[in-house]
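What follows is a single structure, written as structure tokens, with notes after it.
The values are calculated or read from the model by the stated rules, or taken from the named source; none is laboratory data. Note that the structure is a prediction, hence the values are computed from the model and not measured. Glycine gets a Cβ as well: all are built from the backbone with ideal geometry, and neighbour counts include every protein chain shown.
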Amino acid sequence: MNEHDSERMLALLEGCGYRETKHVEEADVMLVNTCTVREKPEQKAYSMVGRFQQLKEDNPHAIIGITGCVAQQEGERLLGRIPALDFVLGPGKIHKLPEILRDAEKGKRGTCSVGFENGCPTNLPTPHTAQLRAYVTIMQGCDNFCSYCIVPTVRGRERSRPSAAILAEIETLIRQGTKEITLLGQNVNSYAKHTPGELTFPQLLAKIDEIPGLERIRFTTSHPKDLTEETIEAFGYVEHLCEHLHLPFQAGSNAVLERMNRGHTREEYLAQIKKVREVSPQMGITADVMVGFPAEEEEDFDQTLELIRRVEFDGLFSFKYSPRPGTRAARWKGECTPEVKQRRLEILQGLQRGITLKKNKELEGSVKEILVEGRSRNSPHTMRGRTRCNRIVNFPGGSDLVGALVFVKIAKGLQNSLRGERCG
Ligand code: 5AD
Ligand code: SF4
């Protein structure tokens, strides 16, 4: 979501006559698009602003802005705390960037634009440059209030974008060369829940599937309590929908899930996975999980490990819990020590590494459809792409293949990728 916001801001900056530079020392505008979902990215953002502040000493006309969720969370306070800062812009006000920038160019400093407008903006700026794989926002915000999560505070309540605007944006992207889209939302399964008469999420998938020229559809993020049977069934008949589901479970213990206010049990989660695999046995399943939630005991953590062993995820995004300002969990006692969190994270990641490698090795000898994305990082004669279930594959080939769908026979399953030979 945050990356996509950065792309949208880049498009707006280009519209104002700015060009992207890879060298921050020569930049006239420096934006730090921040994330506050955990403590670490927030700290990273502050240290980056500190670095930009120093650069401004050599280029006093440079404009510095903080955007994203830290901007929404801290607002005006940031202007008081960081003297070199020219403006603060929340994620719900991205469309105001050109106006704020024009003011800043004229020397008007200290603007703070945060908060949310009613509804989801229909027309969001899209990147000007062709993108093989593009994100398309379908809904914003979240109504769930998981007890650890700051997202509903900094991204606002759920609001869905009209399907006509979504379909029109995808058509534009395809005309510019896009082959794969990822539908984005904090909780895509709740698409249009509050909009009577609008398409449901699976109906939207089926409509997108009909757009000529689109090769692949993905979506993220799903919530186990809102993932409906109709959506799971869509994996069986929506031709271009890739066999990849990101379904966060956060914890394997019912006691912890309850305190997290997730609205589902481990048994319900496992039942969802079973249904998904019945419809699509090849499904690549990934998830988010946290360790060290307040009062998480060893037995709770064991339940998380047991769930991971049971499901055998294709990949996991695992995090140490960090208290976020204003959330309910931040007020709770029983915070695990940093050592406990670190140890649990290492055990969990070690377990998952073994599972990922085993699953990658199981693919040796199979033939997979790959969308070729570009050259491999390590060798100029090797191309890199992704399977429908989202695994990275490297294979010998030339850059004329970029954007093509090719078949590759998998020769080797490695820890983070697969290696193969083209066979069609
Ligand atoms: N601490 C650690 N991880 C968190 N996440 C959300 N809030 C927190 C927090 N307070 C994780 C969840 C979520 C992912 C985007 O970030 O796993 O799915
Ligand atoms: Fe945060 Fe829960 Fe909403 Fe996900 S579903 S964004 S974890 S509140």
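Some observations on this one:
- First in the range 380-403 and within 22 Å of THR220 (Cα to Cα), second anywhere and assigned to a strand (DSSP E or B) and of a type in the set (Ser, Thr, Tyr), Cβ under 9 Å, 6 or more apart: ASN390/THR286
- Meets criteria (assigned to a strand (DSSP E or B) and not basic (Lys, Arg)) for LEU316: yes
- For the range 155-189, the set of residues classified as part of a loop (DSSP other than H, G, I, E, B) and farther than 26 Å from ARG388 by Cβ consists of GLY156, ARG157, GLU158, PRO162, listed by residue number.
- Enumerated strands (runs of 3 or more DSSP E) restricted to the range 380-424, each holding at least 1 residues that are of a type in the set (D, E, K, R): 382-386, 405-413, 418-422
- Test: residue in the range 346-361 that is over 30 Å from ASP143 (Cα atoms), part of a loop (DSSP other than H, G, I, E, B) and not acidic (Asp, Glu): no
- Residues within the range 253-293 that are closer than 14 Å to TYR321 by Cβ, within 14 Å of ligand 1 (Cβ to nearest atom), of a type outside the set (Phe, Trp, Tyr) and surrounded by 16 or more Cβ atoms within 10 Å (Cβ to Cβ), tallied: 9
- Filter result for GLY315 (away from ligand 2 (no atom under 16 Å from the Cβ) and either out of contact with any Phe, Trp or Tyr (no Cβ under 6 Å at 6 or more places or on another chain) or modelled with pLDDT of 95 or more (or both)): yes
For every residue, the table says whether it meets (1) within 16 Å of ligand 2 (Cβ to nearest atom); (2) of a type in the set (A, V, I, L, M, F, W, C); (3) within 22 Å of GLY252 (Cβ to Cβ).
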position	(1), (2), (3)
THR327	yes, no, yes
ARG331	no, no, no
PRO338	no, no, yes
GLY350	no, no, yes
ARG353	no, no, yes
GLU362	no, no, no
LEU371	no, yes, no
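- Filter result (in contact (Cβ under 8 Å) with a residue 60 or more places away in the chain and either of a type in the set (Phe, Trp, Tyr) or within 12 Å of ligand 2 (Cβ to nearest atom) (or both)) within the range 250-287: GLN250, MET260, ASN261, ARG262, GLY263
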